[in-house]
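Q: Dropping the structure in here first, questions after.
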Amino acid sequence: MKYLVHLSEKSEQDIRDIYEYIAYTLLAPMNAETVFNRITNAVLSLEELPERHKIYKTGRNGEEIRFLVSGNHNIYYWVDHSTSQVNVVRILYGGMDIDTELDSWA
């Protein structure tokens, strides 16, 4: 069964910020493209068997927040079985204070 993958506005901003940081701050546009493609492919892989990844924590509405590692970044999401949808809530650098970043959502 395929799931529809939906990115929140915040996760879309996260991926733009990651790309811009690598391309313009680190001055490595080719690396930015590679990281962008890696994250995009990882997100799209959630169409199939999204529950194969570990649970990070339970969200405020009881959702199981799971995460998928993509290089140095983590993709945080929850699965809505009633709509067959995967909801990506954040895409964060693994070295960040993840709990603080997710607290505004979960």
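Rule-based calculations on the coordinates, nothing more; no lab input. Keep in mind the model is a prediction, meaning the values are calculated, not measured. Note that each Cβ is placed from the backbone with ideal geometry, even for glycine, and that neighbours are counted across all protein chains shown.
Q: I'd like the trypsin sites (Lys or Arg not before Pro) in the range 1-87 restricted to DSSP loop residues with at most 15 other Cβ atoms within 10 Å, sorted by number.
A: Those satisfying the criteria are LYS54, ARG60.
Q: Stretch GLN13-ARG60 to full length: gain in nm at 0.36 nm per residue minus the Cα-Cα span?
A: 14.7 nm
Q: Something else now. Answer with a single label: of [x] 43, 30, 22; [y] 40, 30, 22; [z] 39, 30, 18, which was calculated as Cα extents along the principal axes in Å from the structure in view?
A: [x]
Q: Go ahead and estimate [θ] at 222 nm for the chain from helices alone: -39,500 (n - 2.57) per DSSP H run with n ≥ 4, summed, over the residue count, rounded to 500.
A: For the chain, the value works out to -10000 deg cm²/dmol.
Q: Between LEU49 and SER82, what's the calculated FRET efficiency when r is the beta-carbon distance and R0 is 30 Å? Round to 0.05.
A: 0.95
Q: Specify the residue with the greatest mean-square fluctuation among TYR24, TYR77, TYR93, computed from a Gaussian network of the chain linking alpha-carbon atoms under 10 Å apart.
A: Per the Cα network of the chain with a 10 Å cutoff, TYR24 tops the list.
Q: May I pose another question? To the nearest 10 degrees, how steeply does helix 29-44 sit against the main Cα axis of the chain, on a 0 to 90 scale?
A: That helix lies at roughly 10 degrees to the long axis.
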